[in-house]
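Trainee: Quick one: the structure is below, questions incoming.
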Amino acid sequence: MAVLVPQCWARLMLLLLLIGVSNAQLSSNFYSSSCPNLLSIIRTAVNSAVSSDSRMGASLLRLHFHDCFVAGCDASVLLDDTANFTGEKTAGPNNNSLRGFEVIDNIKTQVEAACPGVVSCADILTVAARDGVVALNGPSWAIALGRRDSTTASLSNANSQIPGPGNNLNALITAFSNKGFTAREMVALSGSHTIGQARCTTFRNRIYNEANINATFATSTRANCPRSGGDNTLSPLDVATPNAFNNDYYRNLISLKGLLHSDQQLFNNGSTDAQVRAYSTNSASFFNDFAAAMVKMTNLSPLTGTNGQIRRNCRRTN
C-alpha cells in the first residue's frame with residue numbers, strides 16, 4: 001500500500017475539508033456559538049413590526065415564499081438591480097406588491113452589530129417569515145440554519161415560476177409540483193392567504209366577471225375596487241379574520257368568498273375540494289400540514305458551505 005508523504009496528507013485533508021464545507025448541511029444549532037442571540041433579535045424585531053403593522057406578518061411570509069420559489073431560499077428576492085443583472089423586485093408577481101424589505105434591513109443591521117459577517121440574509125428571511133406567522137397566532141415550525149446568500153437574481157425566473165392570482169387549479173398543482181410539493185401541500189400552503197391583503201388589480205376580474213362567487217361578498221368588495229382605476233386599493237384575502245392566522249380561509253372558499261381566482265379554484269368542484277373541507281373543520285390538521293410544508297419550503301435548494309456568500313447588506317452583493 002502506498003504511503004502518503006506529509007504534504008500529500010495535508011492536501012488530502014484540505015480537499016476533504018473543502019468537500020465537507022461545500023456540501024454542508026443545514027443545522028438547527030448552526031449559529032449557537034457564532035451568534036447566540038440571533039433568534040431573539042429576529043423575534044423581537046418581527047413582533048415590533050407586526051405590532052406596528054398587522055399586515056407585516058403576511059408580507060414577510062410572502063417575501064420568503066417568493067424568494068424560495070425562484071432558485072431556492074437564497075435571498076435573491078432582496079437584491080436590488082445592478083448593471084450586471086435585473087433582479088426579481090420588478091417581476092410581475094413582485095412589482096409594487098412585495099413589501100417588508102425595510103424590516104429585513106432593520107434586522108440585518110441589528111444582527112451585524114451583534115455578530116458581523118456571520119448570518120446570511122437568507123436565514124434572516126426564513127426565520128422572520130416563521131416569526132411573522134407566530135405573531136399572528138399561527139403555528140411555529142423548526143428551522144435549520146446555515147444558508148448562504150446568492151450573488152445574482154433572475155427576473156425571468158421570478159416571472160415564470162411564481163404562481164399567479166389568475167392561475168387555475170391545474171396550473172397551481174403544476175407550479176407547486178415543479179418545486180416538489182403535493183396537491184395537499186399546495187392547499188395547505190395556500191392557507192397563508194388567511195392573512196394579508198391583495199391589490200384590486202389582482203382580483204378585479206373575479207369580482208366583476210366570475211359566477212362562482214358569493215353575491216354579497218362581490219358587491220361589498222367592489223366598493224374598494226372599481227371597474228377602472230384604483231389598481232392598488234387593498235382588500236383582505238380573508239374577509240372574516242384578516243389579521244389572525246387560522247382556518248377561516250377555507251371556510252371562506254366553501255362560502256364562495258375566495259378573493260383571488262386562484263383561491264376559489266381550490267374549491268370549485270375539483271380534486272382539492274375535499275381537502276379544503278377537511279381544513280375548514282380541523283384547524284389542527286391545517287396547522288400541522290402548513291408547518292410541515294413550510295419546513296419543506298425552507299429547504300428548497302439552499303446555498304451552503306462555500307457556495308454563495310454572507311451579504312453584509314441584503315440589497316447588494318459584497
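Trainee: Determine the per residue accessible area of the range 182-318 with all protein chains present and a 1.4 angstrom probe, expressed in square angstrom.
Mentor: That works out to 43 Å² per residue.
Trainee: For the chain, find the longest principal axis of its Cα atoms and tell me its angle to the long axis of helix 283-298, 0 to 90°, nearest 10.
Mentor: Rounded to the nearest ten degrees, it is 40.
Trainee: What FRET efficiency, computed as 1/(1 + (r/R0)^6) with R0 = 35 Å and r the Cβ-Cβ distance, is obtained for Asn209 and Gln25, rounded to the nearest 0.05? Write down the numbers at each step before the final one.
Mentor: Working: r = 49 Å, r/R0 = 1.40.
About 0.10, to the nearest 0.05.
Trainee: Right, another one. Highest mean first, how do 211-219, 113-121 rank when packing is the count of other Cβ atoms within 10 Å averaged over residues?
Mentor: Packing proxy ranking, top to bottom: 113-121, 211-219.
Trainee: Could you size up the charge dipole of the range 159-318 around its Cα centre, putting +1 on the beta carbon of Lys and Arg and -1 on that of Asp and Glu, and report it in debye to the nearest 20? The partial results should precede the final answer.
Mentor: Working: 15 positive and 8 negative charges, 117 e Å.
It comes to approximately 560 debye.
Trainee: Residues in the range 102-135, backbone N under 16 Å from the label point at Ser52 (7 Å along the Cα-to-beta-carbon vector): list them, ranges by number please.
Mentor: Inside the label zone: 102-111, 132.
Trainee: Probe 1.4 Å, all protein chains in place: accessible area of Lys89 in Å², nearest 10?
Mentor: 40
Trainee: What is the angle, in °, between the Cα long axis of helix 101-114 and the longest principal axis of the Cα atoms in the chain? Nearest 10 is fine, range 0 to 90.
Mentor: Tilt of helix 101-114: around 30 degrees.
Trainee: Same structure again: Report, in debye and to the nearest 20, how large the dipole of the range 216-270 comes out about its Cα centre when Lys and Arg carry +1 and Asp and Glu carry -1 on their Cβ.
Mentor: Computed charge dipole of the range 216-270: roughly 160 debye.
Trainee: Express the accessible area of the range 19-118 per residue in Å², computed with a 1.4 Å probe while the remaining protein chains stay in the model.
Mentor: 43
Trainee: OK, next. If you take the beta carbon distance between Asn232 and Ser33 as r and set R0 to 35 Å, what does 1/(1 + (r/R0)^6) give as a FRET efficiency, to the nearest 0.05?
Mentor: Details: r = 46 Å, r/R0 = 1.30.
My answer for the efficiency is 0.15.
Trainee: Roughly speaking, what is the centre-to-centre gap between the range 32-71 and the range 77-132 when only Cα atoms are used, to the nearest Å?
Mentor: Here the answer is 10 Å between Cα centres.
Trainee: Still on this structure: In the range 34-119, carbon and sulfur make up what percent of the accessible area (probe 1.4 Å)?
Mentor: Result for the range 34-119: 48 percent of the exposed heavy-atom area is carbon or sulfur.
Trainee: Expressed as a whole percentage, what fraction of the accessible surface of the range 188-271 belongs to carbon and sulfur atoms when a 1.4 Å probe is rolled over the protein heavy atoms? Spell out each step's value before the answer.
Mentor: Details: 1590 of 3440 Å².
Within the range 188-271, the accessible surface is 46 percent carbon and sulfur.
Trainee: Work out, in µm²/s and without decimals, the Stokes-Einstein translational diffusion coefficient of the range 62-168 at 10 °C, 1.306 mPa s, Rh from Kirkwood over C-alpha pairs.
Mentor: The estimated diffusion coefficient comes to 109 µm²/s.
Trainee: When the helix-only estimate is applied to the chain (DSSP H runs of n ≥ 4, each -39,500 (n - 2.57), divided by the residue count), what is the mean residue ellipticity at 222 nm, nearest 500 deg cm²/dmol?
Mentor: Computed mean residue ellipticity for the chain: -14500 deg cm²/dmol.
Trainee: Please give the peptides 122-133, 199-210 ranked by average Cβ packing (other Cβ atoms within 10 Å per residue), highest first, as a rough proxy for protection.
Mentor: Descending packing order for the listed peptides: 122-133, 199-210.
Trainee: Dipole magnitude of the chain about its Cα centre, charges +1 at Lys/Arg Cβ and -1 at Asp/Glu Cβ only, in debye to the nearest 20?
Mentor: Dipole magnitude for the chain comes out near 100 debye.
Trainee: Considering the dipole of the range 197-250 built from charges on the beta carbon (Lys and Arg +1, Asp and Glu -1) around the Cα centre, which of Phe217, Tyr250, Gly230 is farthest to its positive end?
Mentor: The listed residue farthest towards the positive side: Gly230.
Trainee: Sticking with this structure for a sec: Collect residues whose amide H, placed 1.01 Å from N in the peptide plane, falls under 5 Å from the amide H of Leu303; neighbours closer than 5 in sequence don't count.
Mentor: Arg148
The values are calculated or read from the model by the stated rules, or taken from the named source; none is laboratory data. Note that the structure is predicted; figures quoted are calculated from it, not measured. Using ideal geometry, Cβ is built from the backbone for each residue, glycine included, and neighbour counts are taken over all protein chains shown. The accessibility values were calculated without ligands, DNA or RNA, using every heavy atom of the protein model including side chains. Shrake-Rupley method; radii C 1.70, N 1.55, O 1.52, S 1.80 Å.
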